[in-house]
Every structure is written in structure tokens, then in C-alpha cells.
Amino acid sequence: MSSLRYTWLLILDFAIWIIDTAILEQWYHLRRAGAPCKQNADGSRSKTWEELPNANAADYTAPSISEEQGRAIEQRNLAQVRGLKINNSSIDISTENDKIRNIKIDDARAAIQGTKINDNVIKTIIDVLSEDDSQYLFDEIAVVKEDYRIIMQTDPVKKGTFFDIRLNLNENFLGGKTIDELDSEIFNSKVTVCNSFREAIIHEKYHAKLINGLNQGQLDAIYEELSEINIDGISKTAFKDGNECIAEVGVLFERGETDDLPEEARKIFNKYIGGLL
Ligand SMILES: [Zn+2]
């Protein structure tokens with residue numbers, strides 16, 4: 001298996017698990033060994049650029065960027081998303097990609113049509129992301145049918161040298177449940193710090209924050225770097241890898257419960273997201 005494909009298999013977010021780590025690991029290895037899953041539950045392909053709202057197919061050519069531009073984009077991302085200051089304020093690398101970011105409630109509602117997912121699930125997702133204007137982090141919402149123990153996934157969908165960020169909702173977990181029922185199930189989970197559906201959304205938000213604005217090469221690099229990090233003392237989910245750790249710490253960060261964080265977790269959160277004292 002090529003290293004690029006290997007990295008691709010790593011980057012699907014396994015979201016929050018309501019299960020024992022052994023089962024998680026088993027599934028994880030199966031997933032890594034299997035084919036990349038870039039299709040919708042009904043077998044259809046992910047949306048192409050041309051099918052996305054506001055994108056002009058005729059004007060689109062896959063962007064190709066230099067290393068220098070890549071670094072500039074990363075700096076812009078650090079500045080915009082992670083609240084860090086950069087010296088060069090003249091950096092202006094806007095791509096067509098920027099224009100289509102931002103899931104809309106109507107698009108999100110269209111995604112759940114014909115599924116068992118309650119409209120309040122969509123309303124809650126939009127409400128939670130709106131708390132700090134984070135809707136821009138996700139380009140689209142899709143419904144998938146995955147293992148029951150997955151709630152959602154933050155799924156980077158490759159698009160030329162960039163990618164879109166899709167929030168996958170697992171109908172097998174979310175379908176037919178009220179927010180109260182979801183809250184209770186997540187509250188009782190022993191593998192995540194999340195105590196509610198709202199916090200599960202915040203968890204996904206930090207997965208998206210981590211990779212927002214990166215190009216495909218940077219995405220591969222960041223996941224490669226985080227894949228071997230296993231920090232204990234937060235949750236089973238956080239222990240899985242650095243990506244999950246950052247998402248779990250994001251939830252604690254927003255809850256104001258970061259005093260007892262392991263030093264290593266504090267370091268990687270600050271490195272990739274910033275904001276922890
Ligand atoms: Zn996750």
C-alpha cells in the first residue's frame with residue numbers, strides 16, 4: 001500500500017466511540033486494511049466541485065501551489081483559525097475553495113431528507129457551530145450508515161491539491177433519536193469526555209479546526225505527525241492518536257476544564273490550535 005493511501009486511511013475521523021478500546025482497535029485495523037471509503041451510503045460518489053453550490057465549473061482548474069504559497073496558506077490559517085498573530089499582513093491567498101465554505105441549514109436539512117435523522121439534530125449542529133461562527137469550518141453535511149458506535153465523522157474529501165471538509169452523520173447512531181436521548185447515550189459513554197450531543201459537535205469542530213485551510217500535502221503531514229501520539233489520562237478516545245486528543249481537549253477547553261490536563265496534551269493542543277495557558 002502506498003504511503004499516500006495509507007495516510008488517507010488514517011484521516012477518517014472515527015468520531016466518538018461508545019465502545020471498548022479493543023473493538024475500536026479491531027475496527028481501526030480493518031479500516032486501515034480496506035479500501036478508502038469515499039462514497040456515500042447509497043453507493044453514490046461524493047459531490048464533485050462542479051456539483052457544489054456557488055462553484056463555477058468552467059473556471060475551475062485544480063490549483064497547484066508552490067512550497068512558499070503552501071507556507072503562506074498555513075500562516076494565514078494559523079492567524080485566522082488559531083488566533084495567532086503573523087508578521088506579514090499582506091498575505092492574500094484566497095482560493096475558490098474559500099467561497100464555498102459554510103454549511104447552510106437548508107443544505108443540511110436536505111441531507112437528512114428521507115433518513116431517520118431528526119430535524120433537531122441538524123438544528124442543534126447549526127446552533128452549536130453558530131455559537132462561535134464556526135459553520136465555515138464545514139463545507140457540507142452528508143448522511144452515512146456506519147457502525148452503530150460512531151456518532152459523526154469529520155471527513156476531508158480530496159479535491160485536487162485541496163480538500164473539502166464534510167461532516168458525516170451516522171444514521172445508524174443518530175436515526176430516530178431525540179436530542180435528550182442522544183445526550184443521555186453520550187453522557188453514559190465511558191470512552192469520551194463528551195457529556196452531550198452538543199459536546200460531540202464541539203469535538204468534531206476541533207477536528208475541522210485542526211485541518212481548516214491546509215492543502216492536501218499539509219493534511220497528510222499533520223495526520224502522519226499525529227498518528228503516533230498516544231496521550232493517556234484524558235479518555236480512551238484521546239489516547240487513540242493526537243488528532244483525537246486535540247478534539248477531546250477542545251471539548252474540555254470550551255468547558256473550562258483544562259487545569260488537570262497532561263502536559264503533553266497541553267503542548268500539542270497549543271501547537272496545533274493555540275489558546276491554552
Ligand atoms: Zn474524533
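The values are calculated or read from the model by the stated rules, or taken from the named source; none is laboratory data. The model shown is predicted, which means the values in this text are computed figures rather than measured ones. As a convention, Cβ positions derive from the backbone with ideal geometry for all residues, glycine included, and neighbour counts pool all protein chains shown.
Looking only at residues that are under 13 Å from Tyr206 (Cα atoms) and among the aliphatic types (A, V, I, L, M) in segment 221-267, which one is farthest from the ligand (Cβ to nearest atom)? Can you show your working first?
To start, the set of residues in segment 221-267 that are under 13 Å from Tyr206 (Cα atoms) comprises 238, 242-254.
When the remaining residues are screened for being among the aliphatic types (A, V, I, L, M), the result is 238, 246-247, 249, 251-252.
On the way: Ala238: 9, Ile246: 9, Ala247: 4, Val249: 11, Val251: 10, Leu252: 14 Å.
For segment 221-267, the residue satisfying everything is Leu252.
Take the residues in segment 180-216 that are within 16 Å of Tyr272 (Cα to Cα) and away from the ligand (no atom under 13 Å from the Cβ), then tell me which one is nearest to the chain's Cα centre (by Cα).
Filtering segment 180-216 for residues that are within 16 Å of Tyr272 (Cα to Cα) and away from the ligand (no atom under 13 Å from the Cβ), the one nearest to the chain's Cα centre (by Cα) comes out as Asn212.
Check whether at least one residue in segment 229-250 is free of Cβ contacts under 8 Å to residues at least 60 places away in the same chain, under 20 Å from Asn120 (Cβ atoms) and not charged (D, E, K, R), and report yes or no.
No; the residues of segment 229-250 include none that is free of Cβ contacts under 8 Å to residues at least 60 places away in the same chain, under 20 Å from Asn120 (Cβ atoms) and not charged (D, E, K, R).
Can you tell me which residue is surrounded by the fewest Cβ atoms within 10 Å (Cβ to Cβ) among those in segment 227-260 that are aliphatic (A, V, I, L, M) and under 20 Å from Ser189 (Cα atoms)? Step through it out loud before you land on a result.
Within segment 227-260, the subset aliphatic (A, V, I, L, M) is 229, 231, 234, 238, 246-247, 249, 251-252.
The next check asks that each one be under 20 Å from Ser189 (Cα atoms); those that pass are 231, 234, 238, 246-247, 249, 251-252.
On the way: Ile231: 23, Ile234: 20, Ala238: 28, Ile246: 25, Ala247: 30, Val249: 29, Val251: 27, Leu252: 23.
Checked segment 227-260; the qualifying residue surrounded by the fewest Cβ atoms within 10 Å (Cβ to Cβ) is Ile234.
Has segment 184-200 got at least one residue that is touching a Lys or Arg at 6+ places or on another chain (Cβ under 8 Å), modelled with pLDDT of 95 or more and charged (D, E, K, R)?
Yes, some residue in segment 184-200 is touching a Lys or Arg at 6+ places or on another chain (Cβ under 8 Å), modelled with pLDDT of 95 or more and charged (D, E, K, R).
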